[in-house]
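Notes for the one structure printed next.
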Amino acid sequence: MEFTMEEGYTAFQMKRSRYLLSGAVALLCSLSFGCARGGSEAATVDPGALQAYAPLPDAPQGGEAIDGDKIALGRMLYFEPRLSKSQTVSCNSCHSLNHYGVDNQATSSGHKGQKGDRNSPTVYNAASHFVQFWDGRAPTVEEQAKGPVLNPVEMAMTSEQQVIVVLKSMPEYVAAFQKAFPGEKDPVTYDNVGNAIGAFERKLVTPARWDKFLKGDQAALTDAEKAGFHTFVTSGCRTCHAGALVGGNLYQRIGTVKPWPESSDPGRYKVTKSEADKFVFKVPSLRNIEKTAPYFHDGKTATLNSAIAKMADYQVGKTLTEAEIQSIATWLKSLTGDLPADYIKPPVLPKSTPKTPKPSDAD
């Protein structure tokens, strides 16, 4: 399969691809599925088959030591609609924390109802991805958080300075920035807006039953889910979807075996202008995948089962049976984690003052 990766990932992916090819037979032998074969014994997965996976960390790198004041500020900014020109759109509008970090729309509605050109991916566990956005144009969640605010289709603020004027008009925000970034002469900056939102997002993690299983709890998965993992691996899905996130760690061309039916979006090519990056996108994580429909960068695939069938067809060159598709879907549902209910409760936001700019629906 053809890969296009950020510098530093090439050697790792080549090594992993060689492992997958050379170890295919051994992997098949390492799985024992008595129930799937019609036997009476319980389905089990040999630990050797799980070497490409890892439990979800409690927080991404850098997330464990984040200051509570910075998280508190980031939570407020995440829910803050006054960071948009109309004062009706917040981060949570398109990435609803009560709905697994998405809005379940093909493409999200932004300023004056405008539609974006790509599906809004979930923010849960996103800080562990190797890059952000479908095309990887931001390296971290801190950088990603600054993009939508100034995007004319999304939140449509005209400049960084306009954002700062809004925030400085409310004394409570000024005080919150001072607490979150002590020692800075003027902490209310646009970079610190991204830093605070990123700090909050770094602890948006959703451990699932799959993690319990990886940690040794064989009873965390049903026999049908274990059999589904077997189908997932033997169908070739593991080539791109591995690691703690079950994806989110490399780029891949969509339509590897045969051309993807929709070719209007050139993918990472928009960023690099390299022909090699045409139709290349970041491989999404499969964490919480049953909750984040519709699927793919264009949001045109409505159901999980149809997404599985498409991936097998266009990426691996296999036509899966309905039973195989359902088997994989059954395992994928074990990746659905628990939402951190207390952590994501909407905060009380500072009240506007006479100095706070009024909302605008102007272009």
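Things to note:
- Here the spin labels are modelled as points 7 Å beyond Cα on the Cα-Cβ line, and at residue 165 and residue 264 they lie 3.5 nm apart.
- Extended-chain gain in nm, criterion 0.36 nm per residue less alpha-carbon gap, residue 234 and residue 67: 55.8 nm
- Distance between segment 210-277 and segment 168-183 - C-alpha centres, whole angstrom: 42
- Dipole magnitude for segment 68-201: computed about the Cα centre from +1 point charges on Lys and Arg Cβ and -1 point charges on Asp and Glu Cβ, it is near 260 debye.
- Between residue 158 and residue 257, the FRET efficiency from the beta-carbon distance, with R0 = 35 Å, is close to 0.20.
- FRET E, pair residue 44, residue 172, Förster distance 56 Å, beta-carbon r, rounded to 0.05: 0.50
- Gaussian network model of the chain, springs between alpha carbon atoms under 10 Å - residue of 111, 99, 297 with greatest fluctuation: 99
- Extension gain (nm, one decimal) between residue 219 and residue 290, 0.36 nm per residue minus Cα-Cα: 23.4 nm
- Net charge of Cβ neighbours under 10 Å - reference residue 213; Lys, Arg +1; Asp, Glu -1: +1
- Length available on full extension from residue 274 to residue 362: 0.36 nm per residue minus the Cα-Cα distance, which gives 28.1 nm.
Readers should treat all values here as calculations from the given coordinates under stated rules, not as data from a laboratory. These numbers come from a predicted model, not from an experiment. Note that each Cβ is placed from the backbone with ideal geometry, even for glycine, and that neighbours are counted across all protein chains shown.
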